[in-house]
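Inspection log for the structure reproduced underneath, given as structure tokens.
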Amino acid sequence: MLLPNHGANPQLLANSLKISLDENSIDFSVNVNPYPALRRMKDMWSSLYEDILQYPDPFAEPFVQFVSEKEGLNADQILAGNGAAELIFLIAQAYRGSNVLIAAPAFSEYEDACEVNDCNVDFYVTRKEKGWKPDLQELNEKLHGKQLCFLCNPNNPTGTVMELNTLEAIIVLCECHHVTLVVDEAFVHFLEKPVSAVHLMKKYSNLIVLRSLTKMFHLPGLRLGYAMSSKEQIEKLRRFQPPWSVNGPAQKLGILCLEQEECADEIAMKTAVERERIFPILDKLGFETSPSTVNYYLLRESGEENVQLALIKYLMIKGMIVRHTFNFRGLDGHYIRLAIRTPEENDRLLAALEGWKAR
């Protein structure tokens with residue numbers, strides 16, 4: 001059975017499972033903010049027509065300058081990209097043929113990008129017993145002989161986040177092994193108390209931090225992300241990026257989104273309230289969840305190690321689209337990943353799961 005590699009492909013998943021998709025289905029497989037996009041974004045959309053008629057700034061310099069001032073970095077330490085996915089592929093190109101370590105389970109694009117660029121990929125798999133967080137001694141052993149390491153924080157798909165002191169300890173380990181560490185912070189805006197490696201770039205030159213505006217600001221169709229690192233690392237990545245990679249509307253809307261970060265704080269708070277509401281209910285129903293701190297989580301029936309395909313099919317029939325975990329190394333289909341959506345939508349999911357238990 002060939003299942004789609006990503007969430008947000010409801011019809012592909014339904015076709016693979018030979019299930020008819022209800023037109024009122026709710027997509028819990030996509031971990032994008034479920035609330036409406038910024039109102040100001042809609043208000044200014046018509047004014048972006050002129051930007052479609054001309055070439056954008058080839059390197060998104062106005063956006064980059066805005067980010068540099070916001071983050072306290074030099075503009076030459078920032079590279080804007082066509083979503084974080086493009087930046088991941090640029091990193092893999094820059095380190096073509098290298099020995100790469102990926103902390104798993106993780107976003108599948110790390111492995112895909114590295115394999116396309118003839119890298120030798122190894123994995124360090126975190127475990128539920130350790131809260132899905134790396135063991136520093138084990139990670140240290142895995143870093144021997146590597147040149148590049150990918151780490152997702154907050155982690156996708158578990159939703160867990162590492163404390164700042166642990167994150168810095170990993171950066172130090174990588175520095176000792178002469179390894180460049182990529183910290184993917186695509187979901188950092190969903191943290192009530194953000195933990196970011198950005199300010200550590202003043203101490204360590206072996207660090208690349210990735211950010212995405214897709215998830216929090218509801219922009220999956222526009223594509224915008226950025227990398228932050230040393231001047232030397234950014235120059236290394238820029239060599240592989242074509243000009244005009246970021247379109248004109250994306251550049252302007254990116255600035256608008258980052259100007260409105262108080263809206264992100266409000267969404268993060270709403271998400272936390274829902275998370276704290278639904279997790280105890282799921283526990284009472286007999287489901288185990290990952291200790292998530294963001295807008296998605298892993299779920300499986302307590303004590304069950306079996307593949308969750310039957311539950312996926314049941315929920316799909318009930319109009320709940322979920323994310324399988326067959327292509328997440330270390331999960332192998334034993335969990336499903338679910339987004340935290342609006343209270344009304346989460347209640348529909350809870351009712352469906354209660355029905356599953358009552359069969």
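Per-structure values
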| quantity | calculated |
| --- | --- |
| Across K70/K270; K203/K231; K215/K313; K231/K252; K215/K270; K42/K70, pairs whose alpha-carbon gap is larger than 22 Å | K70/K270; K215/K313; K231/K252; K42/K70 |
| Solvent exposure of the chain as accessible area per residue, Å², 1.4 Å probe | 43 Å² |
| Mean-position separation - Cα centroids, the stretch 160-219 and the stretch 75-121, in angstrom | 15 Å |
| Cysteines without a disulfide-compatible neighbour (Cβ-Cβ under 4.7 Å), the chain | C149, C152, C174, C176, C257, C263 |
| Phi to ³J(HN,Hα) by Karplus 6.51 cos²θ - 1.76 cosθ + 1.60 over the stretch 310-327, Hz, x for Gly, Pro | 5, 5, 4, 4, 4, 5, 4, 4, 7, x, 10, 8, 10, 9, 6, 10, 5, 9 |
| Length gained when the stretch D22-E266 is fully extended (0.36 nm per residue, less Cα-Cα span) | 84.7 nm |
| Ordering of 109-115, 278-284, 148-154 by packing [mean C-beta count within 10 Å, highest first] | 148-154, 109-115, 278-284 |
| Rounded to whole Hz, the Karplus (6.51, -1.76, 1.60) HN-Hα couplings of the stretch 278-289, x for glycine and proline | 7, 4, x, 5, 4, 4, 5, 6, x, 10, 9, 10 |
| The chain - percent of accessible surface contributed by carbon and sulfur, probe 1.4 Å | 51 percent |
| Potential extension, E288-R40 segment - 0.36 nm per residue separation minus Cα distance | 85.3 nm |
| Cβ-derived FRET efficiency at R0 35 Å, T166 paired with D112, nearest 0.05 | 0.80 |
| Phi-based couplings in Hz for the stretch 164-177 (Karplus 6.51, -1.76, 1.60; Gly and Pro marked x) | 4, 5, 5, 4, 5, 4, 5, 4, 5, 4, 5, 4, 4, 8 |
| Counting DSSP beta bridges with both ends in the chain, the antiparallel % (nearest 5) | 45 percent |
| Within straight-line cross-link reach of K318, lysines at Cα separation under 18 Å, skipping those fewer than 8 residues along the same chain | K18, K357 |
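The values are calculated or read from the model by the stated rules, or taken from the named source; none is laboratory data. Bear in mind that the values here come from a model prediction, so they are computed numbers and not experimental data. Cβ coordinates were reconstructed from backbone atoms using ideal geometry, including for glycine residues, and neighbour counts include every protein chain displayed. In case anyone asks, the SASA skips ligands and DNA or RNA and just uses the protein heavy atoms, side chains included. Shrake-Rupley method; radii C 1.70, N 1.55, O 1.52, S 1.80 Å.
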